[in-house]
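A short write-up of the structure that comes next.
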Amino acid sequence: MATTTKTKATHGSGAEGAWEVPPEQALRVPEGFDLAVFDRASTPGFTGDKAAGKALVAQHADELSELQERLFAEGRSGGSRSVLLVLQGMDTAGKGGIVRHVVGLVDPQGVAHRSFGVPTPEERRHDYLWRIRRALPEPGYIGVFDRSHYEDVLVARVDALVPPEVWEARYDEINRFEAEVAAAGTTIVKVALLVSYEEQRARLMERLERPDKFWKYNPNDVDSRQKWPAYQEAYQAVLDRTSTDVAPWHVVPADRKWFARLAVSELLLDALRGLDLGWPPADFDVAVEKARLAAT
Ligand code: AMP
Ligand code: MG
């Protein structure tokens with residue numbers, strides 16, 4: 001069933017046609033993907049410019065928002081489905097901007113956002129998936145993970161927070177875990193935001209030059225940056241070993257913020273469209289209720 005929604009004035013700008021390859025297809029990590037040669041300033045599948053990209057995000061905002069509302073309505077009516085957007089990326093890759101500019105297009109009441117930092121003492125007393133399970137979206141919600149269980153095969157691997165045999169076993173564990181989550185009704189959209197080494201430097205420098213950005217800076221960011229090759233290797237392993245049919249990875253070049261935001265909004269829209277969401281039928285007699293109301 002096609003979901004026809006009202007579109008606003010931007011409709012007809014032609015921006016939609018600037019996708020030469022559908023985003024889901026253009027961004028899904030391909031077999032044999034090589035992170036080392038991935039152009040992080042590219043715009044895979046999209047031939048439009050920044051203005052066209054922004055126009056398309058605006059053009060699709062109403063549909064995104066309506067589909068989110070349908071999902072929420074379904075969840076309120078006994079449905080079991082939800083969506084989980086997993087955002088991974090190095091510091092400054094733009095995870096926060098995605099939340100603000102893309103997730104921000106839908107009703108915040110239907111969003112379950114969670115960012116994962118260094119595990120708290122309580123979290124450390126449990127298995128690494130404990131805090132993740134607790135944060136999974138309830139039916140009807142769009143869950144958003146700013147970092148995720150993947151940190152447990154990224155920073156945990158790079159900084160040797162656990163022995164190699166421990167992180168080594170996690171790739172398969174994660175695949176099993178995500179298969180379980182998907183089977184329970186959650187559509188998983190995994191996005192690796194890939195910023196270049198040069199662009200990261202510029203963005204970190206900007207954080208040090210602008211008082212309004214100091215709060216985003218953490219001296220640890222430079223420590224992580226110093227381990228760039230080890231992180232790239234760890235990301236490569238994630239993409240090689242945890243992109244599955246039920247939870248594939250998407251690789252999004254992040255040097256152009258407008259493109260990353262467009263890409264994620266299209267991936268989210270694609271996931272929601274794929275759910276073929278209707279509106280829940282009334283669980284009361286509409287005619288009777290109308291008559292009762294009219295009598296008041
Ligand atoms: P930020 O997202 O910039 O607020 O930074 C959060 C920090 O927490 C990053 O340096 C992550 O690598 C770190 N972090 C997240 N999850 C874990 C984890 N499971 N183990 C260790 N560090 C983590
Ligand atoms: Mg940070």
*Out of the range 145-168, which residues are closer than 26 Å to residue 81 by Cβ and within 16 Å of ligand 2 (Cβ to nearest atom)?*
145, 146, 147, 148, 150
*Hey, among the residues in the range 241-296 that are small (Gly, Ala, Ser) and surrounded by 15 or more Cβ atoms within 10 Å (Cβ to Cβ), which one's nearest to residue 197 (Cα to Cα)?*
254
*Restricting the range 200-214 to residues that are crowded, with 18+ Cβ neighbours inside 10 Å and not basic (Lys, Arg), which is farthest from the chain's Cα centre (by Cα)?*
204
*Please specify each residue of the range 71-118 satisfying the condition of being assigned to a helix (DSSP H, G or I) and within 16 Å of ligand 1 (Cβ to nearest atom).*
95, 96, 97, 98, 99, 100, 103
*Evaluate the following for residue 183: is it more than 16 Å from ligand 1 (Cβ to nearest atom), under 22 Å from the mean Cα position of the chain (by Cα) and buried (at least 21 other Cβ atoms within 10 Å of the Cβ)?*
no
*State yes or no: is residue 207 within 16 Å of ligand 1 (Cβ to nearest atom), closer than 25 Å to residue 27 by Cα and in contact (Cβ under 8 Å) with a residue 40 or more places away in the chain?*
no
*Mind checking which pairs have a first residue in the range 221-247 that is part of a helix (DSSP H, G or I) and within 16 Å of ligand 2 (Cβ to nearest atom) and a second that is of a type in the set (Phe, Trp, Tyr) and modelled with pLDDT of 95 or more, Cβ under 6 Å, 6 or more apart or different chains?*
228/197
*Residue under evaluation residue 32, criteria (1) in a helix (DSSP H, G or I); (2) closer than 29 Å to residue 224 by Cβ; (3) over 20 Å from the mean Cα position of the chain (by Cα), criterion not met*: (1)
_Return the residues of the range 35-46 that are of a type outside the set (D, E, K, R) and either part of a helix (DSSP H, G or I) or at negative phi (or both); say none if nothing qualifies._
35, 36, 37, 38, 41, 42, 43, 44, 46
_Whether any residue in the range 133-147 is part of a helix (DSSP H, G or I), surrounded by 14 or more Cβ atoms within 10 Å (Cβ to Cβ) and within 15 Å of the chain's Cα centre (by Cα) is what I want to check._
yes
*Every residue from the range 130-180 that is touching a strand residue (DSSP E or B) at 6+ places or on another chain (Cβ under 7 Å) and more than 9 Å from ligand 1 (Cβ to nearest atom)*: 135, 136, 137, 138, 139, 140, 141, 142, 143, 144, 145, 178
*Counting only residues that are assigned to a helix (DSSP H, G or I) and within 13 Å of ligand 2 (Cβ to nearest atom), how many does the range 169-207 have?*
4
_Considering only residues that are under 34 Å from the mean Cα position of the chain (by Cα) and β-branched (Val, Ile, Thr), which ones fall in the range 260-294?_
264
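The values are calculated or read from the model by the stated rules, or taken from the named source; none is laboratory data. Bear in mind that the values here come from a model prediction, so they are computed numbers and not experimental data. Using ideal geometry, Cβ is built from the backbone for each residue, glycine included, and neighbour counts are taken over all protein chains shown.
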